[in-house]
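Here's the structure we're looking at; comments come further down.
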Amino acid sequence: MAFKRRGEQQISEIANGIMDPVLARRAGITTALIGSWDEIAGEQFADCTRPEKIVWPRREPGDLVGHRPGQLVIACEGARALFLSHAQGELLDRINSFFGYHAIGQMRIVQKPVSQSHKHRPSLRPLPSSEAKKLEEMMEGIESEALRAAVARLGRAVLQPGKRKV
């Protein structure tokens, strides 16, 4: 558990505080949905889709109906849109599970390129044997394979030759 001093905030909290109202007003979505999209979409669609916006139904004056589900517009690349349309029932269930209630009633798929620039990791050079050994020693107590792989990636990035050590 991280302790914060009074007045200190993480940059992500500040950025989300700024971005969420803008995204909510312009697209009806939050940074939490965008940030969790890879898990929501799953391996099959994470690399070729992204949520664009949520279109909420207009409320008429005197409308006594409570919440009405919205329509999620999803950008999808090329022919994968056909497969996405066949899997939309499962994806709608995952999206509504993320929200915790029946927030989305339908999806609209828009075929367009999906930017993947944030998903490409720079290739890392192999570590010198002394650095690789040090990294392995640091990871000795980690039992979870997923956590071990993530720590190994981070360690290789931090211990890269040519990086300035502070």
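Yes/no per residue for (1) in a helix (DSSP H, G or I); (2) at pLDDT 90 or above; (3) under 22 Å from G35 (Cβ atoms):
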position	(1), (2), (3)
A75	no, yes, yes
S85	yes, yes, no
G89	yes, yes, no
Q106	no, yes, no
Would you confirm, using the coordinates I've provided, whether A132 is over 30 Å from K53 (Cα atoms), of a type in the set (G, A, S) and at pLDDT 85 or above? yes
Just checking, how many residues over segment 94-104 are assigned to a loop (DSSP other than H, G, I, E, B) and free of Cβ contacts under 8 Å to residues at least 12 places away in the same chain? 1
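Every residue, every condition in (1) surrounded by fewer than 11 Cβ atoms within 10 Å (Cβ to Cβ); (2) outside the structural domain of P113 (by TED's automatic domain parsing); (3) out of contact with any strand residue (DSSP E or B) (no Cβ under 7 Å at 6 or more places or on another chain); (4) in contact (Cβ under 8 Å) with a residue 40 or more places away in the chain, yes or no:
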residue	(1), (2), (3), (4)
E39	no, no, yes, no
Q44	no, no, yes, yes
A75	no, no, no, no
L92	no, no, no, no
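The values are calculated or read from the model by the stated rules, or taken from the named source; none is laboratory data. Computed from a predicted structure; not experimentally measured. Cβ: placed from backbone, ideal geometry, glycine included. Neighbour counts: every protein chain shown.
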